[in-house]
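The values are calculated or read from the model by the stated rules, or taken from the named source; none is laboratory data. The shown structure was predicted, so the numbers you read here are calculated from the model rather than taken from an experiment. For neighbour counting, all protein chains shown are included, and Cβ atoms are generated from backbone atoms with ideal geometry for every residue, glycine included.
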Number of protein chains: 2
Amino acid sequence: MEEPSLAERDVLTKRESGVTDASPMRLRMEALIKEKQKEIVQAIEQVDGKNFLVDTWDRASGGGGISCVLQEGNVFEKAGVNISVVYGKLPRAAILRMRSDHKALDPDVESLDYFAAGLSVVMHPKNPMAPTVHFNYRYFETANPDGSQNAWWFGGGCDLTPCYLFDEDAIHFHKTIKEACDKHDKAYYPRFKAWCDKYFHNKHRGEARGIGGIFFDDLDETEKDQEQLFSFVQDCLNAFLPQYLPIVNRRKDMPYTEKEKQWQQIRRGRYVEFNLVHDRGTSFGLLTPGARVESILMSLPLEARWQYMHEPEKGSKEERCLNVLKNPQEWV
Amino acid sequence: MEEPSLAERDVLTKRESGVTDASPMRLRMEALIKEKQKEIVQAIEQVDGKNFLVDTWDRASGGGGISCVLQEGNVFEKAGVNISVVYGKLPRAAILRMRSDHKALDPDVESLDYFAAGLSVVMHPKNPMAPTVHFNYRYFETANPDGSQNAWWFGGGCDLTPCYLFDEDAIHFHKTIKEACDKHDKAYYPRFKAWCDKYFHNKHRGEARGIGGIFFDDLDETEKDQEQLFSFVQDCLNAFLPQYLPIVNRRKDMPYTEKEKQWQQIRRGRYVEFNLVHDRGTSFGLLTPGARVESILMSLPLEARWQYMHEPEKGSKEERCLNVLKNPQEWV
């Protein structure tokens, strides 16, 4: 008889013992992101007044996802809150690539079972004064043939993309996530803020996608123990609503002109450029066999615009925003 | 004294003897695409009634470009007719990659001077009944240290992207380019039509970008002699206006609904996906140091839309178009 797969073992564990603090990290992370997805969906529905569409699907090799999308709402042009849980096989080439960051990976096997789970949020408000927000927090694990844990790591981050820059919004967004970081390690915020500025960069334009936040990847036992990192990611997830709700609430009903809406659409074009040209998560997703394309591309705005040689007027609010994107700032 | 660069030699040759049939192919290709750019710009201005914006620029290492863009015209939402002429240095890694297709490339040098010249056209009409059209024809050459020709090849193609499918348009577009191909080699059209269907494919969606045309690359001395291939590319360029003008003229004033306009915007989103995710020319361009980003991205439409889980109605015209994109057809 064949050994049960990691996915089959996990289904069995959940059925027999539920998920507790003593469960494998895979199951605890899955439970956490499901709970956070519900909280965020509820809070955003309250702001918007319209409900999310919920799609649930299973993957043939184990796992699945829940995509919650709110489209053409009152406050949000498009908002997506997605969970995905993947059980798959990592081929040898991918193992060798990943070994540079994770020495625990066994270089002598042909393939490894892996598990990946994450929660991704992208919200594009209608009002050009209200910024787009994004976060993703994820956990990755590989398994030994007997199902025990081989290598594991956490990754994630959050960033804010305004079309019009209100300093108080940028300061609030950064301050809130800095507090979450500081609880765990005073070095985290400066280190992950710089990583974020480097990652969310539209290299071909020489501009940042937005005004940043934090970004981290490959946090494993060489960083801190698993329990401490899980607790850090929990605090990052908990920071999201306090980070973003006050901002969207004070911007969503501001007056704006047709010209300001058009500037927003041009900035949305840049968002599309980053996601399709540079974002590793999007490329990885689109190349994964059997990927759910509509869930990956829910990050794209409802509408975008490419206007040849558009330049903001000298001394305008649009120019000021662009200058900050070209020269990332410290906000706290 | 340092040897003059390829770019400097070419400037000198043009100044001293002009460009004739006896000139190096570089200069003949440059002269051809400049002439064709003028013809096409004039013809499109006549259809639209609005003039193109013309930007001319030089590259520090030699060469330069002319970008002609017509934006928010009467017939065209956005139309670009671009020339670029590049003199540069091909690093060793690029030489080794290209050697698989071109044995004439010397594998034993650290770098090679190269020349590339091409004309690119993308036109997005306003009316959703009028299809988007694209073509690019280009010539590439590497030089020996004494300035003589090392390896060379031609590449290019054209394709049509309708949102609503009129069989007569697809047949006309294919028939016209097939006639240009047949004059040179009866095998060209079937071979390059299949290559086009393969290349302009949104793999992540399992759909073609449009209803195809032709595509070819790396046509060098192992295919036909240089004079014959140049004459073939000339005929392809000459085919463009007869290929496209009758189509846009019969569609540009057709009535359409708001819903049909929205379907066009969704299809424009797919066009953006192909160009930013899959198109080799766009990625190569965006990675080239000192590239003129606005000229590369003039291929993007003025506006695009991403609507989560959009599905055309059963039996609708939109569904018929999508079915053909999923199953490329023979048109002649």
Fill in the blank from the handout: Within segment A:181-222, the residues that are crowded, with 16+ Cβ neighbours inside 10 Å and charged (D, E, K, R) are A:K193, A:D197, A:R205, A:E207, A:R209, A:D217, A:D220
Practice task
Being within 16 Å of B:D220 (Cβ to Cβ) and of a type in the set (D, E, K, R) narrows it down to one of B:D169, B:D106, B:D113, so name that one.
Solution key: B:D106
Problem - Cross-chain or 6+ apart pairs with Cβ under 6 Å, segment A:86-99 first and under 24 Å from A:L119 (Cα atoms), then at pLDDT 80 or above and part of a helix (DSSP H, G or I) - result: A:Y87/A:L6; A:Y87/A:A7
Problem - Subset of segment B:67-89 [away from chain A (no Cβ under 14 Å), within 22 Å of the chain's Cα centre (by Cα) and in a strand (DSSP E or B)] - result: B:I83, B:S84, B:V85, B:V86, B:Y87, B:G88
Practice task
Please give the number of the condition B:L105 fails out of (1) touching a residue at least 24 places away in the same chain (Cβ under 8 Å); (2) surrounded by fewer than 19 Cβ atoms within 10 Å (Cβ to Cβ); (3) not in a strand (DSSP E or B).
Solution key: (2)
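Being free of Cβ contacts under 8 Å to residues at least 24 places away in the same chain and in a helix (DSSP H, G or I) is the filter here, so list the residues in segment B:18-44 that pass it.
The answer is B:L27, B:A31, B:E35, B:K38, B:Q42.
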Handout entry: Single unsatisfied condition, A:T222 versus (1) touching a helix residue (DSSP H, G or I) at 6+ places or on another chain (Cβ under 9 Å); (2) modelled with pLDDT under 95; (3) more than 14 Å from chain B (Cβ to nearest Cβ)
Key = (1)
Fill in the blank from the handout: Scanning segment B:45-66 for residues that are in a loop (DSSP other than H, G, I, E, B) and on the phi > 0 side of the Ramachandran plot gives B:G49, B:G62
Practice task
Name the helices (runs of 4 or more DSSP H) wholly inside segment A:250-316 in which the number of residues that are surrounded by 15 or more Cβ atoms within 10 Å (Cβ to Cβ) and away from chain B (no Cβ under 11 Å) is 3 or more.
Solution key: A:258-273
Handout entry: Failed item, numbered, when B:V47 is tested on (1) farther than 18 Å from B:S120 by Cβ; (2) without any contact (Cβ under 8 Å) to a residue 60 or more places away in the chain
Key = (2)
Practice task
Within segment A:165-197, work out how many residues are charged (D, E, K, R) and touching an Asp or Glu at 6+ places or on another chain (Cβ under 7 Å).
Solution key: 1
Exercise for the section: Report, ordered by the first and then the second residue, all pairs with beta carbons closer than 8 Å, sequence separation of six or more or different chains, a first member in segment B:280-294 that is within 11 Å of B:V86 (Cβ to Cβ), and a second member that is among the aliphatic types (A, V, I, L, M) and modelled with pLDDT under 85. Expected result: B:G285/B:A291; B:G290/B:A60
Fill in the blank from the handout: Exception for B:E2 within (1) at pLDDT 95 or above; (2) part of a loop (DSSP other than H, G, I, E, B); (3) over 23 Å from B:V293 (Cα atoms); (4) not basic (K, R) falls at (1)
Handout entry: Residue within segment A:71-84 that is in contact with a helix residue (DSSP H, G or I) (Cβ under 7 Å, 6 or more places away or on another chain), without any contact (Cβ under 8 Å) to a residue 60 or more places away in the chain, among the small types (G, A, S) and crowded, with 22+ Cβ neighbours inside 10 Å present
Key = yes
Completion exercise
Taking segment A:317-331 and keeping residues within 21 Å of the chain's Cα centre (by Cα) and assigned to a helix (DSSP H, G or I) leaves A:L325
Handout entry: Qualifying residues in segment B:50-70 (those that are loosely packed, with under 14 Cβ neighbours inside 10 Å and not acidic (D, E)) - the one farthest from B:H124 (Cα to Cα)
Key = B:A60
Practice task
Test A:R97 against the stated conditions and say whether it is more than 14 Å from every other protein chain (Cβ to nearest Cβ) and exposed (fewer than 15 other Cβ atoms within 10 Å of the Cβ).
Solution key: yes
Practice task
Given the conditions (1) aliphatic (A, V, I, L, M); (2) within 30 Å of B:T142 (Cα to Cα); (3) within 14 Å of chain A (Cβ to nearest Cβ), report the number of the one that B:L237 does not fulfil.
Solution key: (3)
Practice task
Could you tell me whether segment B:198-208 includes any residue that is in contact with a helix residue (DSSP H, G or I) (Cβ under 6 Å, 6 or more places away or on another chain) and either more than 14 Å from chain A (Cβ to nearest Cβ) or without any contact (Cβ under 8 Å) to a residue 24 or more places away in the chain (or both)?
Solution key: yes
Exercise for the section: Please name all residue pairs, on different chains or six or more residues apart, with Cβ atoms under 7 Å, provided the first residue is in segment B:234-249 and is under 15 Å from B:P125 (Cβ atoms) and the second residue is polar (S, T, N, Q). Expected result: B:Q243/B:T176
